[in-house]
1. If the Cβ limit is 7 Å and pairs must be 6+ apart or interchain, which residue in the stretch 149-165 that is in contact (Cβ under 8 Å) with a residue 12 or more places away in the chain and more than 19 Å from GLY126 (Cβ to Cβ) pairs with which residue that is surrounded by 13 or more Cβ atoms within 10 Å (Cβ to Cβ) and of a type in the set (A, V, I, L, M)?
2. Given the structure, is THR107 assigned by TED's automatic domain parsing to the domain that holds LEU137, β-branched (Val, Ile, Thr), closer than 27 Å to GLY185 by Cβ and more than 17 Å from the chain's Cα centre (by Cα)?
3. May I ask you to list the residues in the stretch 163-186 that are more than 22 Å from the chain's Cα centre (by Cα), in a helix (DSSP H, G or I) and small (Gly, Ala, Ser)?
4. From PRO95, PRO44, grab the single residue that is free of Cβ contacts under 8 Å to residues at least 40 places away in the same chain, touching a Phe, Trp or Tyr at 6+ places or on another chain (Cβ under 7 Å) and part of a loop (DSSP other than H, G, I, E, B).
5. Of LEU137, LEU211, LEU160, LEU177, which residue is within 22 Å of TYR73 (Cβ to Cβ) and not small (Gly, Ala, Ser)?
6. If we keep just the residues of the stretch 84-109 that are hydrophobic (A, V, I, L, M, F, W, C) and touching a Ser or Thr at 6+ places or on another chain (Cβ under 9 Å), which is farthest from ASP183 (Cα to Cα)?
7. Which of the following residues is in a helix (DSSP H, G or I), in contact with a Ser or Thr (Cβ under 8 Å, 6 or more places away or on another chain) and either touching a residue at least 40 places away in the same chain (Cβ under 8 Å) or exposed (fewer than 15 other Cβ atoms within 10 Å of the Cβ) (or both): VAL225, VAL199, VAL189, VAL195?
8. If you scan the stretch 137-151, which residues turn out to be touching a helix residue (DSSP H, G or I) at 6+ places or on another chain (Cβ under 6 Å) and either aromatic (Phe, Trp, Tyr) or assigned to a helix (DSSP H, G or I) (or both)?
Amino acid sequence: QTAIDAARGRVPVLLTIAEDSTRAGAALAADAERIGIKGLMVLPAMRYLADDREVMAHYRAIAAASTLPIIIYNNPLAYGINISPEMLGELADEPKFVAVKESTGDTRRINETIRAVGDRYQLLTGVDDLALESLVLGCSGWIAGLVVAFPRETVAIYQLVQAGRIAEAMEIYRWFLPLLHLDIGPKFVQNIKLVEHLVRGASPVTRAPRLPLVGAEEATVKAVVAEGLATRPDLSRYGF
């Protein structure tokens with residue numbers, strides 16, 4: 001509700017569902033639609049490593065709880081459940097499933113998915129330091145982790161790739177990579193929050209059990225940010 005109030009209709013607000021039970025996920029989907037959320041990103045149920053049949057039943061139950069469009073989030077490295085191209089094919093008969101956030105970390109999965117289901121879903125890359133590669137291979141969008149701190153650079157890379165200006169996109173991307181690497185690993189949330197604080201003055205606070213970075217971890221992030229800001233590309237060279 002706070003995000004909806006802040007957006008004031010200027011952009012659609014989406015909600016991520018990452019509940020322990022299907023019932024809780026479905027209830028949250030219904031509540032989200034009631035307050036004005038425009039779309040959902042849904043994860044498999046947490047804690048229990050469901051089999052393929054259970055995962056698909058979970059998604060279908062949440063889809064049935066609202067009329068909202070849904071991004072299916074596939075991140076087996078983090079959550080232990082792989083939503084395969086074959087599963088996406090089975091789920092394709094539900095029109096509310098409109099997109100997949102692809103975060104396997106394996107770019108082969110992009111073409112495997114396209115081969116299995118064609119253009120049935122919008123494929124969105126979710127691994128920051130594979131973003132350009134994923135966009136070139138067929139992803140149509142990028143759910144980006146460093147976009148709040150570096151919105152113009154993120155958008156420039158995306159738009160240059162869409163325009164076929166790959167070499168120019170690569171120049172910005174190679175500058176960006178040390179920062180994008182901060183979105184990978186167990187402390188990516190603390191990393192990103194600290195980057196946003198250093199670049200834009202946002203709060204670095206994270207909710208427990210995550211604690212603020214200290215020592216070498218904090219120093220590493222600060223050094224990467226300092227180098228990035230010192231060598232930040234001139235986007236006017238690319239028409240931005």
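1. So the pair list comes out as ARG152/LEU235; ALA156/ILE172; ALA156/LEU235; LEU160/ALA169.
2. no
3. Within the stretch 163-186, just ALA167 meets the criteria.
4. Every option except PRO44 fails the conditions.
5. Selected residue: LEU137, the only one of LEU137, LEU211, LEU160, LEU177 that is within 22 Å of TYR73 (Cβ to Cβ) and not small (Gly, Ala, Ser).
6. Selected residue: LEU88.
7. Only one candidate qualifies: VAL189.
8. LEU137, TRP142
The values are calculated or read from the model by the stated rules, or taken from the named source; none is laboratory data. In this text the structure is predicted, and so the values were computed from the model without any measurement. Because the Cβ atoms are built from the backbone with ideal geometry, glycine has one as well, and the counts that use them run over all protein chains shown.
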